[in-house]
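Visitor: Quick one: this structure, given as structure tokens, is what I'll be asking you about.
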Amino acid sequence: MIETFYVHGIPKPAGSKTGFALRKGGAFTGRVAIVDACKGSRDWKTTVTQMVSDRLSKISKGRFPTMKPVSLSLTFFMQRPKAHLHGASKDFEVRANAPTHHSTRPDTLKLARAVEDALTGILYHDDAQIVTELIQKRYSNTPGVNITIEEVVP
């Protein structure tokens, strides 16, 4: 069983966390709050969860979330910076000296972490079930992520 999903939107990373001590009346409460350091990652995760859930409600017939090991392929499509382009406002062309690969931030592992977290409980019960993963970043005019999941058969 292989399923593929495309989620439109600007991919955001997750994974870097920041902790801070919770205080009440200036005194430490003994609790620590952990938050994702990337602004916008919560919205991106919500978008991924909603779009995949909506598509699954039409096709899944109870197959998800799976308890089996899975193979996950994620291809992130990132918007090119305007500095890579030249031409009239409607006819942008990629400059000859523009890089062909998206080799700048955000890094692929943190992008994948956000999507893996968003899919937990939707496609699989725990992201520890991912036994094989392919992660790629590409430039595109349509930002988003292509997600392909397949149950691994022993």
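The values are calculated or read from the model by the stated rules, or taken from the named source; none is laboratory data. All values derive from a computational prediction rather than experimental measurement. Quick reminder, even Gly has a Cβ in these numbers, built from the backbone with ideal geometry, and neighbours come from all protein chains shown. Only protein heavy atoms, including side chains, enter the accessible area calculation; ligands, DNA and RNA are left aside. Shrake-Rupley method; radii C 1.70, N 1.55, O 1.52, S 1.80 Å.
Visitor: Has segment 89-102 got at least one residue that is closer than 21 Å to LYS12 by Cα, surrounded by 16 or more Cβ atoms within 10 Å (Cβ to Cβ), under 11 Å from the mean Cα position of the chain (by Cα) and not β-branched (Val, Ile, Thr)?
Guide: Checked against the condition, which is being closer than 21 Å to LYS12 by Cα, surrounded by 16 or more Cβ atoms within 10 Å (Cβ to Cβ), under 11 Å from the mean Cα position of the chain (by Cα) and not β-branched (Val, Ile, Thr), segment 89-102 yields no hits at all.
Visitor: What single numbered condition from (1) within 17 Å of GLN129 (Cβ to Cβ); (2) assigned to a loop (DSSP other than H, G, I, E, B); (3) out of contact with any strand residue (DSSP E or B) (no Cβ under 6 Å at 6 or more places or on another chain) fails to hold for ARG113?
Guide: Evaluating ARG113 over (1) within 17 Å of GLN129 (Cβ to Cβ); (2) assigned to a loop (DSSP other than H, G, I, E, B); (3) out of contact with any strand residue (DSSP E or B) (no Cβ under 6 Å at 6 or more places or on another chain) leaves (2) as the failure.
Visitor: Tally up the residues in segment 1-37 that are surrounded by 12 or more Cβ atoms within 10 Å (Cβ to Cβ) and either at pLDDT 80 or above or touching a Leu at 6+ places or on another chain (Cβ under 8 Å) (or both), please.
Guide: Final tally of qualifying residues: 11.
Visitor: Report, by residue number, each residue of segment 116-152 that is open to solvent by 70 Å² or more (accessible area, probe 1.4 Å) and either without any contact (Cβ under 8 Å) to a residue 12 or more places away in the chain or part of a helix (DSSP H, G or I) (or both).
Guide: Within segment 116-152, ASP126, ALA128 meet the criteria.
Visitor: Might you let me know whether segment 72-83 holds any residue that is surrounded by 11 or more Cβ atoms within 10 Å (Cβ to Cβ) and among the basic types (Lys, Arg)?
Guide: Filtering segment 72-83 down to residues surrounded by 11 or more Cβ atoms within 10 Å (Cβ to Cβ) leaves 72-81.
Okay, now just the ones that are also among the basic types (Lys, Arg), so 80.
Among the residues of segment 72-83, at least one is surrounded by 11 or more Cβ atoms within 10 Å (Cβ to Cβ) and among the basic types (Lys, Arg), which makes the answer yes.
Visitor: When you check GLY40 against the structure, is it on the phi > 0 side of the Ramachandran plot and either open to solvent by less than 40 Å² (accessible area, probe 1.4 Å) or touching a Pro at 6+ places or on another chain (Cβ under 7 Å) (or both), yes or no?
Guide: Values: on the phi > 0 side of the Ramachandran plot: yes; either open to solvent by less than 40 Å² (accessible area, probe 1.4 Å) or touching a Pro at 6+ places or on another chain (Cβ under 7 Å) (or both): yes.
Considered against the rule, which asks whether it is on the phi > 0 side of the Ramachandran plot and either open to solvent by less than 40 Å² (accessible area, probe 1.4 Å) or touching a Pro at 6+ places or on another chain (Cβ under 7 Å) (or both), GLY40 comes out as yes.
Visitor: Kindly evaluate THR46 against the criterion of being modelled with pLDDT of 95 or more, closer than 24 Å to PRO143 by Cβ and either part of a helix (DSSP H, G or I) or not hydrophobic (A, V, I, L, M, F, W, C) (or both).
Guide: Details: modelled with pLDDT of 95 or more: yes; closer than 24 Å to PRO143 by Cβ: yes; either part of a helix (DSSP H, G or I) or not hydrophobic (A, V, I, L, M, F, W, C) (or both): yes.
When the stated conditions are applied, THR46 passes them.
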